[in-house]
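Structure, as structure tokens:
FYI, it's all coordinate maths here, none of it is from the lab. Every value quoted in this text rests on a predicted model; they were computed, and no experiment measured them. No Cβ is skipped: glycine too gets one built from the backbone with ideal geometry, and neighbour counts run over all protein chains shown.
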Amino acid sequence: MTGSADVPTVRSCVLQVLATPGSDTRFSNSYLGAAVRELTDCRSHQVWEAVWGLVADGLVYLDRDDQPAPENWHFKLSATGAEAAAGQAAEPSDPDGYLRRLDRQVPDLDPRARAYVAESVRAFAARCYLSSSVMLGVGAEHAFLGLADALTTAMGDHASKLRRQLDNPRSSQRSRFDELCKVLDLHRKEFPEQLVDTLTLDAIGDLLRVARNESGHPTGQLIDQDTARGHLLIATSYLQKMTELRQLLEAKATGGATSP
């Protein structure tokens, strides 16, 4: 064995082995360990690092099955782990899986926004829920600023007030967002409805205000696990919409089509 597999690959393989009916998932190098090593060409210690990391993330647990000998105990997927293995959602408890799904869903996400979202989901897995929400808010702000800049370029004088606010470091994100909404509302017919409808814009505004007040400073508000998880689950969809709208505006600025 060369031990060439990276950590996300090994973690993903462990989840898939545990999700496969008939797999022998006993607590032994001869069973679960062997199955993962065969599929990933990793070393034994990498298997167990991945397994115990998944246990710490709440995706996997060790079931004794009323067996006295540890080698007869089985690793099993928790309910959340089963969802992560099935790819049913961008599960925040599985940071690597969440980010892979984000990259597939929003391949052109602003790199700075993506870096903060990565920090957010890893903070969530470490049970630092306030940190997770604040980092997600910062990531959303970067995506929003790219969108706002593209809007001012595409709309020119029609977005001059927004341009002044973007250039003024004293302007709050709330005032910038409100002005962006005003400009989009005046030109709503030029864009796909699903990107500029009121529900979408309101949700983006909520994402921008995650754990932050209107001046852009952390509020210190306590965030529980369910709230932080909810923030991350909705984030992928609205980051995607901001990115798609930004791309349409960039196309408009260069003379491209704006229809889907």
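Just a few scattered comments:
- Compared with the dominant Cα axis of the chain, that is its longest principal axis, helix 129-155 is turned about 40°.
- Environment charge of Leu162, counting only residues whose C-beta is closer than 9 Å and scoring Lys/Arg +1, Asp/Glu -1: +4
- Legend: translational diffusion of segment 7-86 by Stokes-Einstein, Rh = Kirkwood radius over C-alpha pairs, 37 °C, 0.692 mPa s; D = 267 µm²/s.
- Percent of Cα-Cα distances greater than 19 Å, calculated over segment 99-152: 28
- Spin-label pair Asp226-Arg64: with each label point 7 Å from Cα along the Cα-Cβ axis, the two points sit 3.1 nm from one another.
- For the chain, the longest site-free run once trypsin sites (Lys or Arg not before Pro) in DSSP loop states with at most 14 other Cβ atoms within 10 Å are removed: 171-260
- 3J(HN,Hα) from dihedral phi, segment 70-80, Karplus parametrisation 6.51/-1.76/1.60, rounded to Hz, x for glycine, proline: x, 5, 9, 7, 10, 7, 9, 7, 6, 4, 5
- Calculated FRET efficiency, Leu39 to Asn72, Cβ-Cβ distance, R0 = 22 Å: about 0.45 to the nearest 0.05.
- Between the beta carbons of Lys189 and Asn168, assuming R0 = 22 Å, the FRET efficiency works out to 0.15 to the nearest 0.05.
- Sites Asp103 and Ser30, calculated FRET efficiency, Cβ-Cβ separation with R0 30 Å, nearest 0.05: 0.25
- Here the 3J(HN,Hα) profile of segment 176-181, calculated from phi with Karplus coefficients 6.51, -1.76 and 1.60 at θ = phi - 60°, is 5, 5, 4, 5, 4, 4 Hz, Gly and Pro shown as x.
- Kirkwood radius and radius of gyration were both taken over the C-alpha atoms of the chain, and their ratio Rg/Rh is 1.10.
- Gaussian network model of the chain, Cα within-10 Å springs - most flexible of Gln67, Gln165, Gln194: Gln67
- Charge context of Ala150, other residues only, Cβ under 13 angstrom, K/R +1, D/E -1: -2
- Here the Karplus relation 6.51 cos²θ - 1.76 cosθ + 1.60, evaluated at θ = phi - 60°, turns the backbone of segment 33-44 into coupling constants of x, 5, 4, 6, 4, 5, 7, 10, 6, 9, 8, 4 Hz, with x for every Gly and Pro.
- Contact order normalised by residue count of the chain, Cα under 8 Å, 6+ apart, percent: 17
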